[in-house]
Structures are given as structure tokens and as C-alpha cells.
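Bear in mind that the values in this text are calculations on the coordinates, not laboratory data. All of these numbers come straight from a predicted model, not from anything done at the bench. Counting neighbours? That spans all protein chains shown, and the Cβs are built from the backbone with ideal geometry, glycine included.
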Amino acid sequence: MKNEKLSTKERILSEALTLFSVKGFSSVSVAEIANAVGIKAPSIYKHYKSKQDIFKAIITDMDIRYKKYTASLQISGDEALKDIGFFSMVTEEKLIETGIKLFLYFLHDEHTKKFRKMLTIEQYSNTELAALYVKQYADEPLLYQSSVFELLIKEGILKPENPKVMAMHFYSPIYLLLAVCDENPGREGEALQMIEENIRQFIRIYGK
């Protein structure tokens, strides 16, 4: 969807996120956002109270987009109890397919990609955004996956190992490959092959 088809409020979010992904959140002014949208700075405040308000709206929008996508995969993507039915019945091939689709979503979805780049820039200078970076890309994914694995252990589907360590084994290579592809898009094919091999090996190690 091109910006001219968006409402002014949506264009503000889109242009703000683009600027944040290039310069970082802290270095972008409301005037710069307004200029990118093609409106005067005071007009921004008709839609958002502040730059922080724009940032919060971006997070809300990203969450809605993610929920819509994971629903298309028949999972919630962040609530283990809701997803345990899917994972307890899923085949190895379906798990690989789902894992690859989620990887490609995070790699190619424009909003998600730009948000990740913004947090990568800000993690070294903004303590609040550094904490959000850790929460977004480490704490929450690991908590979700360890909760899923704990439930699968209770159901006798996985071996009784430490679910937190299992989550590290499963997720860490995937996030590493995401970082590699951010900097080297030409390695996407290699990354997808490694994700498949990672999932297959994980099942061989921990499956019963």
C-alpha cells in the first residue's frame, strides 16, 4: 500500500517509522516527520499528542499486524496455552513451514523490519528503548517458547529437559540468522535451509 492511499494519521506513522529506522528515535523531530508527510508541524498534534504518542501508536499497529498474520497461521504467536493444541498435533513438515513463514514475516514485513532497525540503533544510547529491544527480541520470544515446550513436556511429546534451555536452543539460531539477513540479504536462501535443519535437529534431540 502506497502512502498516498493512506490517511494523514497513517502516513504520519509510516513516515515516522521510516525516519526512526534510519536516524533512530531520539534524533528525529516532529518537524521532520511533518515535513516527510507534507504537512506543517502543528498539524501533527491534531492526530498525536507527541512524538512519544506516535511511537506508542506504531507499537500498537505492529501488534495488530502481527496478530493478524499469526492468526492466518492458526496460532496466537504469544500465548502458549492458546497454541498448545497446534503444537501438540503439528507434523515436522508443518512446524518447519510455520517457522519459515514467521522468519520471512519478521525479515520482510516493512513495519517490523524498520522497527527492528530503529531499536538496533537506539539500544546503545536510549535505556528505555534498549529495554524494549531485549523484551521484544529476547525475553518475550523465549518466555513464549519455553512455555510451549513446558506444556509439550507435560504431554509427553518432548523429553523432560529444561524448557528454558530448549527455548534458547530453538530460538537463538533463528534470531542470529535474522540479523545476518538484515545485513546480507543475499544469504536468505542459506538462512532458510539452516532454519529447516535447526528445527529437524531440535526434534531429533528433544522429541520422544
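A few notes on this one:
- In a reduced charge model with +1 at each Lys and Arg Cβ and -1 at each Asp and Glu Cβ, the chain shows a dipole moment near 600 debye about its Cα centre.
- Positive contributions from Lys and Arg (+1) and negative ones from Asp and Glu (-1), summed over other residues with Cβ under 15 Å from the Cβ of Ala41, come out at +2.
- Gyration tensor verdict on the range 145-189 (Cα atoms; rounded if a/c is under 1.5, prolate if a/b is larger than b/c, oblate otherwise): prolate
- Cα shape, the range 97-143, gyration tensor, a/c 1.5 rule: oblate
- Helical segments meeting 20 Å axial Cα length and Kyte-Doolittle -0.5 threshold in the chain (DSSP H): 8-23, 92-108, 140-154, 163-183, 188-206
- Span from the the range 65-109 Cα centroid across to the the range 142-178 one, whole angstrom: 14 Å
- Rounded if a/c under 1.5, otherwise prolate or oblate - the range 1-63, Cα gyration tensor axes: rounded
- The range 1-88: trypsin sites (Lys or Arg not before Pro) in DSSP coil with no more than 14 other Cβ atoms inside 10 Å: Lys2, Lys40, Lys46, Lys49
- Residue (of Ser26, Leu13, Tyr45) at the positive-pole extreme of the range 1-63, dipole from beta-carbon charges: Tyr45
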